[in-house]
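Notes follow the structure.
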Amino acid sequence: MPGLAAYTSPPFPKVLPAMKAKIHPEYVVCKVSCACGNTFETHSTKSAIKLDICAACHPFFTGSQKFVDTAGRVDKFRRRYAKSDDQKS
């Protein structure tokens, strides 16, 4: 098929060049702690990570759901549009 060479990439070199020395961060064991008290270990460039929410306490993973109605937004919406309906009539 003519023109196929334009769509294929050249083969990889047999010997890959070595990575540059002293520019990569240190990859260490990391202790992750959540606000709910759950802790676990993983690997990262940081030695410790603090989370606000994790898989152990997130509603999507636990199946429990909290409804947060900040400042009664639904009630506030209904009051606002109830007043506008009264003014129209």
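Tallying residues that are within 20 Å of Tyr27 (Cα to Cα) and assigned to a loop (DSSP other than H, G, I, E, B) within segment 37-56 yields 3.
Looking at segment 59-73, can you tell me whether even one residue there is surrounded by 10 or more Cβ atoms within 10 Å (Cβ to Cβ) and modelled with pLDDT of 80 or more? There is no residue in segment 59-73 that is surrounded by 10 or more Cβ atoms within 10 Å (Cβ to Cβ) and modelled with pLDDT of 80 or more.
Any idea which residue in segment 9-43 is nearest to the chain's Cα centre (by Cα), counting only those that are among the aliphatic types (A, V, I, L, M) and at pLDDT 75 or above? Only one residue tops the list, namely Val32.
The values are calculated or read from the model by the stated rules, or taken from the named source; none is laboratory data. Note that the structure is predicted; figures quoted are calculated from it, not measured. Note that each Cβ is placed from the backbone with ideal geometry, even for glycine, and that neighbours are counted across all protein chains shown.
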